[in-house]
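In what follows, a structure is listed as structure tokens, so that the remarks can point back to it.
The values are calculated or read from the model by the stated rules, or taken from the named source; none is laboratory data. Here the structure is a predicted model, which is why all the values come from computation and not from measurement. Neighbour counts run over all protein chains shown; Cβ positions are idealised from the backbone, glycine included. Note: accessible area is taken over every heavy atom of the protein model, side chains too, but ligands, DNA and RNA are not part of it. Shrake-Rupley method; radii C 1.70, N 1.55, O 1.52, S 1.80 Å.
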Amino acid sequence: MIYIIFSDIHSNLEAFQAVLEDCKTLDNAPHIILGDLVGYGANPNETIEKVLELKPKVCLRGNHDKVAAGLESAEEFNAIAQIAADWTQRTLTGKNKEYLQSLSNGPIDVDGEFLASHGSPIDEDEYIFTDHEALQVFQHWEFDI
């Protein structure tokens with residue numbers, strides 16, 4: 001099966017729309033969104049509304065989504081990310097903030113094909129930087145992808 005997978009859109013509506021345009025020939029493919037719909041970019045509400053139009057099969061939350069939705073503080077973010085998160089939190093509509101609050105943290109089994117997560121499937125906020133770290137993660141899961 002073919003899936004269209006997005007991650008770390010970060011409110012960059014123009015880039016998101018450009019990629020969607022490139023994927024037009026795959027209109028029937030399910031959309032999987034791995035989190036960080038918002039953060040940094042200038043269009044958090046419009047980005048969320050575009051995601052909602054897609055009716056994704058899976059839409060996970062990312063760390064920027066959690067902070068923008070008020071589920072977690074930005075104290076672990078660098079200074080620029082903190083400023084962006086604060087602005088995004090003030091800019092989001094109530095409806096869109098509620099949508100971000102409702103997103104699952106993953107990991108999620110997608111059709112028995114692969115495991116979807118934001119960050120490590122062990123911890124959504126954990127980064128995987130090395131082959132050794134990736135090996136440790138894969139040893140905990142049945143999935144190859």
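Test residue 88 against the stated conditions and say whether it is in contact with a helix residue (DSSP H, G or I) (Cβ under 6 Å, 6 or more places away or on another chain), open to solvent by 50 Å² or more (accessible area, probe 1.4 Å) and either closer than 14 Å to residue 35 by Cβ or modelled with pLDDT of 95 or more (or both). When the stated conditions are applied, residue 88 does not pass them.
From the residues in the range 75-85 that are surrounded by fewer than 21 Cβ atoms within 10 Å (Cβ to Cβ) and among the hydrophobic types (A, V, I, L, M, F, W, C), which one is farthest from residue 32 (Cα to Cα)? Among those that are surrounded by fewer than 21 Cβ atoms within 10 Å (Cβ to Cβ) and among the hydrophobic types (A, V, I, L, M, F, W, C), it is 79.
With respect to residue 99, determine if the residue is hydroxyl-bearing (Ser, Thr, Tyr), surrounded by 17 or more Cβ atoms within 10 Å (Cβ to Cβ) and without any contact (Cβ under 8 Å) to a residue 60 or more places away in the chain. When the stated conditions are applied, residue 99 passes them. Within the range 122-145, restricting attention to residues that are of a type in the set (Val, Ile, Thr) and more than 18 Å from residue 76 (Cα to Cα), the residue that is surrounded by the most Cβ atoms within 10 Å (Cβ to Cβ) is 137. When the range 32-78 is filtered for residues that are within 12 Å of the chain's Cα centre (by Cα), closer than 14 Å to residue 16 by Cβ and in a helix (DSSP H, G or I), the ones remaining, listed by number, are 47, 48, 51. Of 106, 119, 112, 62, all but one fail to be modelled with pLDDT under 95, under 17 Å from residue 31 (Cα atoms) and crowded, with 19+ Cβ neighbours inside 10 Å; the exception is 106. Among the residues of the range 122-145, those that are in a helix (DSSP H, G or I) and within 20 Å of the chain's Cα centre (by Cα) comprise 134, 137. Modelled with pLDDT under 95, open to solvent by 20 Å² or more (accessible area, probe 1.4 Å) and touching a His at 6+ places or on another chain (Cβ under 9 Å), is that true of residue 28? Here the answer is no, as residue 28 does not meet what is asked.
Report yes if residue 83 is outside any loop (DSSP other than H, G, I, E, B), in contact (Cβ under 8 Å) with a residue 40 or more places away in the chain and among the β-branched types (Val, Ile, Thr), otherwise no. When the stated conditions are applied, residue 83 does not pass them. Within the range 102-113, the set of residues being free of Cβ contacts under 8 Å to residues at least 40 places away in the same chain and not in a loop (DSSP other than H, G, I, E, B) comprises 102, 109.
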